[in-house]
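Derivation of every value follows stated rules applied to the coordinates shown; laboratory data play no part. Small disclaimer: the values here were computed from a predicted structure and weren't measured. Cβ: placed from backbone, ideal geometry, glycine included. Neighbour counts: every protein chain shown.
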Amino acid sequence: MFEFLFKRPGEKPGETPAATAPQPDPAATPAGSSRALQAEKVKQLAGDEAAAVEFILQSEFSELRLAAAEFVHTPAQLERVHTAIRNTDRRVAKLMQSRLDAIRHHQAELQRGQACIDQAAQLLKDEKLTPNHVAELDRRWSVIAAPELVGEFDAIRAALAQRLEAQVGLQRGVIDSVAALRKLAASPLPAADVAAQLEQLAAAHAAALAAPEHASLPRNLVNEFAAEHARVSASLGAIAQGEGALAAREALLAEWQGATTPLNADSLRREWSKLPAAPAGDAAAGLQQRYDALLAAIPPEQRKPKEARPAGQPKSPPAGADQQFLDHLSAMEAALEHGSLGTAAEHDKALKDSKGVRLTPAQSDRLAHARGELKRLSDWARWGGNVSREELIKSVEQLTTQSLAMSELAKKVGSMRERWKALDTLSGAAPKSLWERFDAACSAAYAPAAAHFKHLAEERHTNAAKAQAIIAEATAEAARLEIADSVDWKHMAVTVQRLRLGWSHLGAIDRKEKKHLDQQFTDALNVLQGPLEQQRKSEVAHREELIEQVAALDPADRHALDALRAAQERWQELARALPLERKAEQAMWHRFRAACDAVFAKRKESAHAADAERRSHQAAKDAISARLEAAAETGLDVASAARLLRQAATEWHAAGPVPRAAETKVDKRYHAAITAVQHQADSARRAAGIAQASALRDKLRLCQLIETSLANDSAVEQDWAARWAALPPLQPDYERALGFRFEAALAALTGDRAAYVAKLEQNRPKLLHEVLRLEIAAGIDSGSEFARERLKLQVEVLQSSLKSGQKPMTQAAQFLQLCEMPALADDRTVSRIEQLFARVGKEAR
């Protein structure tokens with residue numbers, strides 16, 4: 001009220017101490033209340049997924065939607081929320097998508113784990129379980145994360161481990177059995193012990209073949225056991241015969257040594273030579289020494305006397321074989337001792353081919369003993385060879401029931417035929433019936449391999465024809481390249497790649513044709529590749545230029561992103577026009593992408609720095625708003641509020657921009673704080689205006705009262721100065737004007753009172769005139785008794801303003817002039833002045 005009375009000189013009417021701020025939004029309080037209600041609803045969800053989904057689909061507050069999204073976990077609800085909100089709330093959609101991806105990944109892991117378990121179960125049922133299959137299974141399981149299936153897989157894996165351990169134990173047992181057979185064949189045990197141990201080993205081997213994991217036994221190991229068993233079984237007869245020969249020699253020596261009649265050396269030699277040959281060894285050597293000692297113990301007179309040779313007849317040369325014959329005989333005996341029948345037979349043939357050789361009785365005994373041993377071993381070998389041939393035929397017949405690879409089948413059939421030939425060498429020729437059975441079995445077993453190899457031969461022929469077609473196509477493309485005006489390099493690259501791929505997928509070709517076809521294809525392809533490589537070199541140069549351009553970009557430049565996008569589009573155009581070799585393309589693409597990523601990374605760093613700077617600006621502006629809010633709560637006077645608002649405005653404009661997401665919130669808080677401070681300043685200003693208006697009214701009434709008292713002679717006893725001093729001071733102009741009027745009235749109390757009263761009476765009309773003028777200016781009705789004077793004054797004021805051309809006095813100046821004019825006023829005039837006072841103050845507001 002009456003602010004116009006207190007304006008400082010030079011101040012414009014519309015000027016305010018600080019920038020005005022918009023009034024607070026009336027809808028702020030309901031929105032805040034709605035948010036609080038929804039936040040309370042989020043707290044009450046308590047894991048209710050369906051309620052959380054409905055809340056997310058209906059809520060308008062993103063942070064509350066994100067809080068409610070923590071309760072959504074099932075795939076169906078996640079899909080529902082993601083589909084409904086993916087275009088409106090990026091954070092919630094990203095959370096839903098991440099959970100869906102995690103669920104899908106877990107399901108994929110479960111599927112892979114179940115596939116591994118199924119494979120393990122299949123392996124567990126497979127008769128021919130191999131360690132490499134289990135190792136591959138372990139490798140697949142090692143990269144699978146499925147805790148739910150660990151127990152099931154571990155149980156099956158333990159069963160597989162048990163089977164593998166059983167296989168290892170079974171194979172180790174057969175290997176030990178083979179080693180025991182070989183050791184048994186070389187042992188000096190009696191035939192009965194050898195037969196018992198052989199029977200035990202055969203029973204153990206039969207149990208191994210009947211074991212659940214017998215299919216894991218290698219065929220060569222089973223065949224090796226069968227061969228060793230047959231060899232040891234074949235040697236049982238020889239061992240028994242040798243034991244019989246030793247027993248016969250032992251009995252004969254015991255008989256000779258216990259004889260009471262004289263012995264004849266020649267008869268002893270004849271009987272000793274008739275005994276079967278004894279096996280080589282310490283026992284035979286001991287018996288031979290006993291025999292020699294017995295011969296040496298016979299007296300000379302009991303030996304047959306030598307025939308008298310006619311006198312004068314020369315001595316005949318001593319009979320006996322030459323050294324070569326004896327060497328063959330020794331070699332034959334050594335071969336028989338080692339069981340080499342073939343070598344022994346060769347030496348026997350050499351002995352039979354020797355002509356004119358006269359042998360001594362001892363040499364004849366040695367030769368007869370060696371040939372008898374050769375016949376005996378040959379008979380045993382022939383019998384053992386036929387047994388081995390029967391086993392060999394059975395093995396060949398079993399090949400048809402085995403699922404062997406064709407190459408392995410062919411090797412096995414070939415090895416069987418080689419073993420048959422070896423048996424022919426060692427055991428003599430086989431009977432014709434056995435040979436026919438063996439040949440028929442080999443032919444039947446080899447039939448699938450023969451058909452397979454025939455099919456492979458046909459495939460090789462077909463592949464050769466395909467190779468010729470590829471070479472013809474390459475030659476045709478080279479011819480078109482020579483006559484073409486323009487070349488479609490992409491088509492050329494695709495053609496070369498297709499030809500290379502087709503050539504690499506040809507398959508096997510006969511070796512005699514492969515080298516020639518390779519050379520033809522290389523020559524035809526070089527014609528195409530020469531220009532293509534030159535063009536690719538130029539393309540590589542273009543892409544190197546693009547990489548250098550991207551590397552030279554300034555990340556801080558505002559056009560850097562446009563240039564980067566243009567470079568990427570250009571790279572795609574070059575890649576579509578002519579693709580490079582895969583390795584070169586990948587290497588250059590990695591370099592180009594690294595250069596692009598470096599630009600984006602630098603821009604991202606700059607953006608992070610700018611974000612940090614904006615956040616610091618936000619903190620500074622929040623501090624300004626907080627200071628204004630605190631000042632608004634404590635209360636301010638007009639001067640302090642104006643100073644605070646000016647300082648806040650200066651600091652606010654000096655601070656930089658804030659993050660865009662928080663810009664509205666920060667500005668809203670700042671303007672709300674300014675509004676609060678401005679409201680405090682306006683309240684203080686209104687209170688000051690009311691106080692000043694009351695003081696002005698009181699002092700004006702005091703002046704009017706003292707003047708009326710002077711006119712009525714009733715002002716002597718009152719303490720006017722004390723009453724004036726008790727009133728608050730006014731604005732200097734009004735304080736000075738009313739102060740002069742009050743001092744003049746006080747001076748009249750002690751001075752020329754009559755003259756002052758006369759002056760007061762004199763100024764009465766003038767006062768009424770000024771009041772009427774102000775009423776006209778303020779548009780206040782003056783009453784019917786002043787209608788004529790009012791009309792006349794209005795005309796005078798209008799004529800005066802038109803004549804002078806000067807700007808009329810303001811209402812404040814006219815009111816000040818009215819206040820400083822000493823004049824007597826009746827009650828009606830005082831009432832009119834107060835009414836005028838109220839109207840002028842209202843217009844001022």
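Table for the structure above
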| read-out | value |
| --- | --- |
| Shape category assigned to the range 456-580 from the gyration tensor of Cα positions, a/c cut at 1.5 | prolate |
| Among Leu217, Cys442, Ala230 - extreme Cα towards positive end, dipole of the chain, charges at beta-carbon | Cys442 |
| Cβ-based charge dipole, the chain, positive-most Cα from Trp256, Ser538, Val677 | Ser538 |
| On Cα atoms only, tilt of 90-125 relative to the major axis of the chain in degrees | 10 degrees |
| Helix 323-337 vs. the chain, principal-axis angle (Cα, 0 to 90°, nearest 10) | 50 degrees |
| Expected 222 nm ellipticity per residue - DSSP helices of 4 or more, -39500 (n - 2.57), all of the chain, to 500 | -27000 deg cm²/dmol |
| q = 0.10 Å⁻¹: log10 I(q)/I(0) that the Debye formula gives for the chain, counting C-alpha atoms only | -1.27 |
| Three-way shape call for the range 611-683 based on the alpha-carbon gyration tensor, with the a/c threshold at 1.5 | prolate |
| Listed residue (Trp503, Gln704, Ala748) projecting farthest to the positive dipole end of the chain, Cβ model | Trp503 |
| Relative contact order %, the chain, counting alpha carbon pairs below 8 Å whose residues are six or more apart | 11 percent |
| Check: the chain dipole with +1 on Lys, Arg Cβ and -1 on Asp, Glu Cβ, in debye | 1120 debye |
| Simple Cβ-charge dipole of the range 611-683, Lys/Arg +1 and Asp/Glu -1, about Cα centre, in debye nearest 20 | 180 debye |
| Calculated on alpha-carbon atoms, Rg and Dmax of the range 395-436 in Å | 12.0, 33 |
| Over the range 411-477, equivalent-ellipsoid semi-axes from the Cα gyration tensor in Å | 45, 12, 7 |
| With Cα atoms, 0 to 90° folded angle of helix 432-483 axis to the chain main axis | 40 degrees |
| Rg [Å, one decimal], Dmax [Å, integer] - the range 522-581, C-alpha atoms | 15.5, 54 |
| Among 579-586, 563-570, the order from most to least packed when residues are scored by Cβ within 10 Å on average | 563-570, 579-586 |
| Cut-off 14 Å between beta-carbons: net charge of the residues surrounding Leu149, Lys and Arg +1, Asp and Glu -1 | -2 |
